[in-house]
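Here the structure comes first, spelled out in structure tokens, and everything after it is commentary.
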Amino acid sequence: MSNNNNDAFDLLNSEFANVELEKENARNLENLRRRQAVRQQAVTEEDFDAEDDEESGGSGCVGIALRLLLIVLLACALAWIVFMPEGSMTELLQKLSPHAENAYSWFAGFFDGDKEKSGEAVSSDSAEPVSSDDGQVSSQAATTAATNGSGQTSSDTASAQGNESQNVNTGDSPYHIKVYRPSQIVVVYDSAGNPSKVFSCSSGKASTPTKLGDYSIRAKYRWRFMVGNCYTQYASSFSNGYLFHSIPYGKKNPGTMANSSYDKLGNPASSGCIRLCFRDSKWIYDNCPVGTPVQVVDETAPAGTVPEIIPERIKDEAHSGWDPTDDAPENPYNR
């Protein structure tokens, strides 16, 4: 009987032990699951952080690539503008807007502007300078323009002023112009090939020579605002950046001429344009319409080709700033 009681007690203890073991196992399993869940969550967060890093890094790379591409495109556009074929940008901009050409003219002039300082004015011959508020007159208006006492154009001419006119005749001129660069002489030939006018000039200096080639007068300006913050009178553009024009002026005032530039006539002095005295630039402006052929050659002028005399400048305060050939009544040379 005693043995039977011991067996029952042992069995009961065994059952209790098994229950406790199961509870312990259950607790261990739950703890294991919790730790697993925590580890899983940590791994997931790391993955999210990695993905965020990849996304931010990817967007940063894309941004850098886009900026580099934009810089390359701008550099290519700038190079094309500076080194493009003659006149191609002008033709394109003329189709887009008549005002766009003036913007390009200023831009081109910014690179080629002559910042030479002279006595009373800052002179400059630039690659298509910015137009003055007077702007440009067409060939027909230029050849019929009369000037009043102050050297300004008449109201008829002023009413025709505006942007460059490209639809004027291109083959009816009675003249053709030849610039003999080594001689610093401009010869205007008639239709028979005989010299009609011979002018002394100042072409581009050695560092900025007037380019050789065949051109034609393409636009005219009664007053022309130039890069370098100065003006010229009676400007006739014969190429993109090259003009026949008067001596530069510090203001749009005929009494503010750059004295030293006048004294250099007959010698290279500009940054590409052809400088002439008032009398000669006005003659070309009035008599050589848009379309007049222009040729710049690296040849000496024919023997016996003598330019018209340019009056010597009187170097006193009363005459300072005036072109001796200016026909304005207020010019002290005309008193």
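The values are calculated or read from the model by the stated rules, or taken from the named source; none is laboratory data. Given the structure is predicted, the values throughout are model-derived calculations rather than measurements. Because the Cβ atoms are built from the backbone with ideal geometry, glycine has one as well, and the counts that use them run over all protein chains shown. When the accessible area is computed, the model is the full protein with side chains, heavy atoms only, and any ligands, DNA or RNA have been set aside. Shrake-Rupley method; radii C 1.70, N 1.55, O 1.52, S 1.80 Å.
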**Prompt:** How high is the FRET efficiency between residue 300 and residue 64 when r is their beta carbon distance and R₀ equals 51 Å, given to the nearest 0.05?
**Reply:** 0.30
**Item:** Sorted peptide list for 214-221, 263-270, 69-76, criterion being average Cβ within 10 angstrom, highest first
**Value:** 214-221, 263-270, 69-76
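Let me check something: with ligands and nucleic acids excluded, how do 208, 232 order by accessible area (1.4 Å probe), largest to smallest?
On the way: 208 45, 232 0 Å².
Per-residue accessible area, sorted high to low, gives 208, 232.
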**Item:** Gyration tensor (Cα) of the range 288-335, equivalent ellipsoid semi-axes in angstrom
**Value:** 31, 17, 10
**Unit charges on C-beta of K, R, D, E only; dipole of the range 170-298, Debye** = 420 debye
**Prompt:** By how many nm would the segment from residue 41 to residue 21 grow when fully extended, if each residue of separation counts as 0.36 nm and the alpha-carbon distance is taken off?
**Reply:** 4.2 nm
**Item:** Listed pairs 205/252; 197/282; 220/252; 205/282; 178/211 exceeding 19 Å between Cα atoms
**Value:** 205/252; 205/282
**Item:** Residues residue 267 and residue 319, FRET efficiency given R0 of 22 Å [Cβ-Cβ distance, rounded to 0.05]
**Value:** 0.55
**Prompt:** Quick one, what does Rg over Rh come out to for the range 183-335 if you take C-alpha atoms and the Kirkwood Rh?
**Reply:** 0.95
